[in-house]
1. Using the Kirkwood radius over Cα pairs, work out the Stokes-Einstein diffusion coefficient for region 127-269 at 20 °C and 1.002 mPa s, in µm²/s as a whole number.
2. Per residue, how big is the convex hull around the C-alpha atoms of region 70-161? Give it to me in cubic angstrom, could you?
3. From the mean inverse distance of alpha carbon pairs (Kirkwood) and the Cα radius of gyration, derive Rg over Rh for region 15-83.
4. Rounded to the nearest 500, what is the 222 nm mean residue ellipticity of the chain from helices alone, with -39500 (n - 2.57) per DSSP H run of 4+ residues and division by all residues?
5. For region 220-316, give the magnitude of the charge dipole about the Cα centre (Cβ charges: +1 Lys/Arg, -1 Asp/Glu; no others), in debye to the nearest 20.
6. Ile46's amide H: which non-local residues (gap 5+, or another chain) put their own amide H closer than 5 Å, with H modeled 1.01 Å from N in plane and none for Pro or chain starts?
7. Along the charge dipole of the chain, pointing to its positive end and built from +1/-1 on Cβ of Lys, Arg, Asp and Glu, which listed residue (Gly26, Pro141, Leu38) has its Cα farthest out?
8. So how many Å³ per residue does the convex hull of the Cα atoms of region 220-316 work out to?
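Here, each number is a calculation from the coordinates, and none is a lab measurement. On a predicted model such as this, the values are computed, not experimentally measured, just so you know. All Cβ positions, even for glycine, are placed from backbone atoms using ideal geometry, and neighbour counts span all protein chains on display.
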Amino acid sequence: MTNDRSEGWDGRLADLRKNLETVIYGKSQSIEVLTIALAAGGSVLIEDVPGVGKTTLAKALAKSIDAEFKRIQFTPDLLPADILGSSIYSPVDGSFTFRAGPIFSNVLLADEINRASPRTQSALLEAMNEQQATIEGKRRPLPAPFMVLATQNPVESHGTYPLPEAQLDRFLVQLDLGYPGPDVEQAILHGQARAHPLEKISAVISKADVVAMQRAVYRTHLDKSVSAYIVEIVRRTREDPRLKLGASPRGSLMLFRAAQAAAFSGGRDYVLPDDVQRLAPRVLPHRLMLTPKAGYSGVTKTQIVREILSEVKVPT
């Protein structure tokens, strides 16, 4: 088995996390999960209140990997063509020229994604799953690496459309940054006294490095006992009476890939059950749907996942 640790990937991922922590203070766990998602080649849903640094985090990630960054502000009147692009007619010679939309970037920030209609939200489905976009019948590959960071406000519901299950299922992980503590918030104030920290950071790895790292993650060994552990956890979500919808086979695959990336970023070329336990509360809850009775009882989907983790026998 090739030992990709000799290439120093774990050290470069540590450098990436340190770079992001100079911009986003006090959120080391969220930053670690974000870099794991990057290594796994997955997209991230960030559900949090405005002003906690979601956009800043996306910009900092793009700068840290020397990637092209595009932002789409989702609104009710946004159309799929505004995301994907369209052909422009030239009356001079009667030809059509394709004008690429913002989806043709490396890091795409879909800001307040739940403000757009389901039809517009669905324009991202193919891109997130296959790293390509079919426009006017023609398949167009997206730049590599490609990552969607989508944000939504969990508090405000006026003028919003809930994300459909098919859309949620394509996000590798869900993050929430949360409000900073008093000391961290004070550090933020002083850190931006003269300039924004984003202006000071530079790339620590290249886009080519990220692509090579993502390929190396696929070679991270996962024993059959650990894959059986993943399947059992996911199966329990389908059988829990408090859940109207359990995790899909894509959920199993996403947890599989996230565990590989977690092991890889930890300097190992094999997955441990600990990697699965650590990532399951980030990978599975947004794929689940509570029954009305469970919703009224106050139980959360994350709590159910943690209960399942405590009940399923851990392989040794």
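1. D = 111 µm²/s.
2. That works out to 100 Å³ per residue.
3. Over the Cα atoms of region 15-83, Rg/Rh equals 0.99.
4. -13000 deg cm²/dmol
5. Values: 16 positive and 9 negative charges, 80 e Å.
The dipole of region 220-316 has a size of about 380 debye.
6. Sorted by chain and number, the residues that satisfy this are Ala150, Thr151, Gln152, Leu175.
7. Value computed over the given set: Pro141.
8. Details: hull volume 7.9 nm³, N = 97.
Roughly 82 Å³ of hull volume per residue.
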